[in-house]
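Asker: My questions all concern the structure below.
The values are calculated or read from the model by the stated rules, or taken from the named source; none is laboratory data. Predicted model, so just to flag it, every value in this text is computed and none were measured. All Cβ positions, glycine included, derive from the backbone under ideal geometry; neighbour counts span all protein chains shown.
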Amino acid sequence: MKTLPTAELLTLDRRHVWHPYAAMPHTGPVFPVRSAQGVYLELETGERLVDGMSSWWTCIHGYNHPRLNQAAQEQMGKMSHVMFGGLTHQPAVQLAQRLVQLSPEPLQHVFFCDSGSVAVEVALKMAIQYWHNRGQPQKQHFLTIRHGYHGDTFAAMAVCDPVNGMHHLFRNSLVEQYFAEAPQIPFEGVWQEADIASFAAILEAHHGDIAAAIFEPVVQGAGGMRFYHPTYVRRARELCDRFGVLLILDEIATGFGRTGQRFACEYAGISPDLMCVGKALTGGFMSLAATLATSEISQTFAQGEAGVFMHGPTFMANPLACAVALENLAILDSYDWAGQVNRIEAQLKQELAPCRHLPAVKEVRVLGAIAVVELHQPVDMNTVQPQFVEQGVWLRPFGRLVYTMPPYIIESEPLSRITKAIFAVVSRL
Ligand SMILES: *Cc1c(COP(=O)(O)O)cnc(C)c1O
């Protein structure tokens, strides 16, 4: 591949390339990145930025990791892809075994797919088919909580926050689901039963047509970056059991240590019937996701009307992605990631505390390797983004949220660059 001059690259980008959640052509600045190493992004213009985003929660061990590169190269020498219908291979089987070992014990079976949204679609479809298999085909609806985010495909979008997700735009194409009030008690607050009342009331009234409840345990990500009390998750589990509704936990953002536990549901000491993972699974190397299921669910499929689960992506269990994911999980095993996440948490808490006193700031919250500075007013991304780049960091706020979830391997000095940049930019607002 030839290398285009930067100006031409950006011109062609504006002409042909549609960016995520962007107009065409995009109205804001787009920064051309040439390479990435460790916690740094290197731009075509030569600047080096400390990455505070981990490329949307994925790149937990930094960029260009020699062990991930080597795992990919070794697998490429054998086969980079092969269909998964009727065939199987070492990377998929070993990765499935590892995921089952790492996840809560009742989860025994792994369905691989290519992205988080699809892992959510798969979980929703499994839940519907499960009730069909058990002779209760009327259970086709879902209960979720406000401020959630589960992906951009249709069924996933239908359980995203209706306001953030702009449901009115898609009104006639989206299935209407049940929305409980978002939890209000913060992670470290004092639990009150009233917090789960809305969730309980919906289950009580509508459990007859609800297949499953789905939500993000403890940390709500792209729907608002909210941290809530683990007892909410525990109560939701109890209520689902009482009313005969499955529990799907979306651990796509929280999984693999981000919150300080390997999976956020460990804070609540419960396990779901179905669990979605993605994002950090390959350490940000490439796209891979999975839906894990209990035997209670999987064993019903053989006797069901279809006799099989009706789903099968073309690139299912891509060997390259599975080999890299397996190595990424081996890296996670090879050091004290929890200690590292705790150190990041302590430093973020200490260094972002002064932001509390800035006039633009409503709240500062930190959990694990996630920090959020919530503002009173939405930021103008087009002015704020270049300011962060000037400060030598890569952060991408949205709405009223300036937030960071750096790679776990970040050292104290580059992490301070991020917190200083947040203070500097937010204090100008
Ligand atoms: C990112 C995300 C998804 C969607 O994953 P994609 O890979 O972008 O499709 C779903 N759920 C949660 C909690 C996420 O953070």
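Asker: Given the criterion more than 15 Å from the ligand (Cβ to nearest atom), polar (S, T, N, Q) and not in a strand (DSSP E or B), identify the matching residue among Asn172, Asn164.
Answerer: Result: Asn172 is the single residue among Asn172, Asn164 that is more than 15 Å from the ligand (Cβ to nearest atom), polar (S, T, N, Q) and not in a strand (DSSP E or B).
Asker: Given the options Val308, Val364, Val324, name the one that is touching a helix residue (DSSP H, G or I) at 6+ places or on another chain (Cβ under 6 Å) and either exposed (fewer than 14 other Cβ atoms within 10 Å of the Cβ) or free of Cβ contacts under 8 Å to residues at least 60 places away in the same chain (or both).
Answerer: Working: Val308 fails: touching a helix residue (DSSP H, G or I) at 6+ places or on another chain (Cβ under 6 Å); Val324 fails: either exposed (fewer than 14 other Cβ atoms within 10 Å of the Cβ) or free of Cβ contacts under 8 Å to residues at least 60 places away in the same chain (or both).
Of Val308, Val364, Val324, the one residue that is touching a helix residue (DSSP H, G or I) at 6+ places or on another chain (Cβ under 6 Å) and either exposed (fewer than 14 other Cβ atoms within 10 Å of the Cβ) or free of Cβ contacts under 8 Å to residues at least 60 places away in the same chain (or both) is Val364.
Asker: Read through the list (1) part of a helix (DSSP H, G or I); (2) within 24 Å of Gly165 (Cβ to Cβ), then give the number of the only condition that Arg242 fails.
Answerer: Answer for Arg242: the failing condition is (2).
Asker: Taking Glu181 as the residue in question, decide whether it is of a type in the set (D, E, K, R), assigned by TED's automatic domain parsing to the domain that holds Gly257, surrounded by 13 or more Cβ atoms within 10 Å (Cβ to Cβ) and away from the ligand (no atom under 16 Å from the Cβ). Quick ask: steps written out before the conclusion?
Answerer: Details: of a type in the set (D, E, K, R): yes; assigned by TED's automatic domain parsing to the domain that holds Gly257: yes; surrounded by 13 or more Cβ atoms within 10 Å (Cβ to Cβ): yes; away from the ligand (no atom under 16 Å from the Cβ): yes.
Yes.
Asker: Kindly list, by first and then second residue, each pair from a residue in segment 244-271 that is at positive phi to a residue that is part of a strand (DSSP E or B) and within 12 Å of the ligand (Cβ to nearest atom), limited to pairs with Cβ atoms under 8 Å and residues at least 6 apart or on different chains.
Answerer: Matching pairs, first to second residue: Phe256/Val277.
Asker: Restricting attention to segment 33-63, report how many residues are over 18 Å from the mean Cα position of the chain (by Cα), assigned to a loop (DSSP other than H, G, I, E, B) and either touching a residue at least 40 places away in the same chain (Cβ under 8 Å) or assigned by TED's automatic domain parsing to the domain that holds Glu251 (or both).
Answerer: Narrowing segment 33-63 to residues over 18 Å from the mean Cα position of the chain (by Cα): 33-50, 63.
Next, from what is left, pick out any that are assigned to a loop (DSSP other than H, G, I, E, B): 39, 44-47.
Filter once more, keeping what is either touching a residue at least 40 places away in the same chain (Cβ under 8 Å) or assigned by TED's automatic domain parsing to the domain that holds Glu251 (or both): 39, 47.
Residues that pass the stated criteria total 2.
Asker: Same structure again: I need the full set of residues from segment 49-86 which are away from the ligand (no atom under 16 Å from the Cβ) and within 14 Å of Leu288 (Cβ to Cβ), in order please. Don't jump to the end; show me each part of the working.
Answerer: Looking only at segment 49-86, we keep the residues that are away from the ligand (no atom under 16 Å from the Cβ), and these are 49-52, 61-86.
Once the filter is applied, which keeps residues that are away from the ligand (no atom under 16 Å from the Cβ) and within 14 Å of Leu288 (Cβ to Cβ), segment 49-86 yields Leu68, Ala71, Ala72, Gln75, Ser80, His81, Phe84.
Asker: Being surrounded by fewer than 22 Cβ atoms within 10 Å (Cβ to Cβ) and either under 14 Å from Gly244 (Cα atoms) or not assigned by TED's automatic domain parsing to the domain that holds Thr144 (or both) is the filter here, so list the residues in segment 204-223 that pass it.
Answerer: Within segment 204-223, Glu204, Ala205, His206, His207, Gly208, Asp209 qualify.
Asker: Examine segment 175-190 for a residue that is in contact (Cβ under 8 Å) with a residue 12 or more places away in the chain, assigned to a helix (DSSP H, G or I) and within 30 Å of Gly304 (Cβ to Cβ), and state whether such a residue exists.
Answerer: There is no residue in segment 175-190 that is in contact (Cβ under 8 Å) with a residue 12 or more places away in the chain, assigned to a helix (DSSP H, G or I) and within 30 Å of Gly304 (Cβ to Cβ).
Asker: Across segment 126-156, which residue is farthest from Val308 (Cα to Cα) among those that are surrounded by fewer than 23 Cβ atoms within 10 Å (Cβ to Cβ) and within 16 Å of the ligand (Cβ to nearest atom)?
Answerer: The extreme case among them is Arg146.
Asker: Let me ask you something else. What do you reckon, is Ala180 of a type outside the set (S, T, N, Q) and closer than 27 Å to Met316 by Cα? Outline the logic, then answer.
Answerer: Details: of a type outside the set (S, T, N, Q): yes; closer than 27 Å to Met316 by Cα: no.
No; evaluated as a whole, the condition is false for this residue.
Asker: Return the residue satisfying two criteria in turn: it lies in segment 208-263 and is of a type in the set (D, E, K, R) and within 15 Å of Glu181 (Cα to Cα), and of such residues it is nearest to the ligand (Cβ to nearest atom).
Answerer: Applying the first criterion (of a type in the set (D, E, K, R)) to segment 208-263 yields 209, 216, 226, 234-235, 237-238, 241-242, 250-251, 258, 262.
Then drop every residue that is not within 15 Å of Glu181 (Cα to Cα), which leaves 216, 226, 235.
Numbers: Glu216: 5, Arg226: 12, Arg235: 20 Å.
Only one residue fits best here, namely Glu216.
Asker: Scanning for something at positive phi and touching a helix residue (DSSP H, G or I) at 6+ places or on another chain (Cβ under 8 Å), does segment 386-393 turn up at least one residue? If you could, list the steps in order and put the result at the bottom.
Answerer: First pass over segment 386-393, keeping only residues at positive phi: 392.
Narrowing further to those that are touching a helix residue (DSSP H, G or I) at 6+ places or on another chain (Cβ under 8 Å): 392.
So far as segment 386-393 goes, yes, one or more of its residues are at positive phi and touching a helix residue (DSSP H, G or I) at 6+ places or on another chain (Cβ under 8 Å).
Asker: Could I ask something else about it? Tell me which of these Ala353 doesn't satisfy, since it passes every other one: (1) within 23 Å of the chain's Cα centre (by Cα); (2) assigned to a helix (DSSP H, G or I); (3) of a type in the set (Gly, Ala, Ser).
Answerer: (1)
Asker: Can you tell me which residue among Glu327, Glu296 is in a helix (DSSP H, G or I) and either within 22 Å of the chain's Cα centre (by Cα) or within 23 Å of Phe84 (Cα to Cα) (or both)? Even if it seems obvious, please write down each step before you answer.
Answerer: On the way: Glu296 fails: either within 22 Å of the chain's Cα centre (by Cα) or within 23 Å of Phe84 (Cα to Cα) (or both).
Exactly one of Glu327, Glu296 is in a helix (DSSP H, G or I) and either within 22 Å of the chain's Cα centre (by Cα) or within 23 Å of Phe84 (Cα to Cα) (or both), namely Glu327.
Asker: Criterion first (of a type in the set (A, V, I, L, M, F, W, C) and in contact (Cβ under 8 Å) with a residue 12 or more places away in the chain) does Ala194 satisfy it?
Answerer: Working: of a type in the set (A, V, I, L, M, F, W, C): yes; in contact (Cβ under 8 Å) with a residue 12 or more places away in the chain: no.
Here the answer is no, as Ala194 does not meet what is asked.
Asker: Is there a residue being more than 19 Å from the chain's Cα centre (by Cα), at pLDDT 95 or above, within 16 Å of the ligand (Cβ to nearest atom) and farther than 30 Å from Ala421 by Cβ anywhere in segment 116-125? Write out each step before concluding.
Answerer: At the first step, the residues of segment 116-125 found to be more than 19 Å from the chain's Cα centre (by Cα) are 125.
Next, from what is left, pick out any that are at pLDDT 95 or above: 125.
Keeping just the survivors that are within 16 Å of the ligand (Cβ to nearest atom) gives 125.
Checking which are farther than 30 Å from Ala421 by Cβ leaves us with 125.
Checked segment 116-125: at least one residue is more than 19 Å from the chain's Cα centre (by Cα), at pLDDT 95 or above, within 16 Å of the ligand (Cβ to nearest atom) and farther than 30 Å from Ala421 by Cβ.
Asker: Moving to a separate point now. Picking from Thr3, Thr11, which residue would you name as being assigned to a loop (DSSP other than H, G, I, E, B) and more than 26 Å from the chain's Cα centre (by Cα)?
Answerer: On the way: Thr11 fails: assigned to a loop (DSSP other than H, G, I, E, B).
The unique qualifying residue is Thr3.
Asker: Here is a follow-up. So which residues in segment 265-293 are part of a strand (DSSP E or B) and within 16 Å of the ligand (Cβ to nearest atom)?
Answerer: Keep residues of segment 265-293 that are part of a strand (DSSP E or B), which gives 274-277, 289-293.
The answer is Leu274, Met275, Cys276, Val277, Ala289, Ala290, Thr291, Leu292.
Asker: Follow-up question, since we're still on this one. Looking only at residues in segment 245-261 that are assigned to a loop (DSSP other than H, G, I, E, B) and farther than 22 Å from Glu188 by Cα, which one is nearest to the chain's Cα centre (by Cα)?
Answerer: Filtering segment 245-261 for residues assigned to a loop (DSSP other than H, G, I, E, B) gives 245, 251-261.
Still in the running and farther than 22 Å from Glu188 by Cα: 245, 252.
Numbers: Val245: 24, Ile252: 4 Å.
Selected residue: Ile252.
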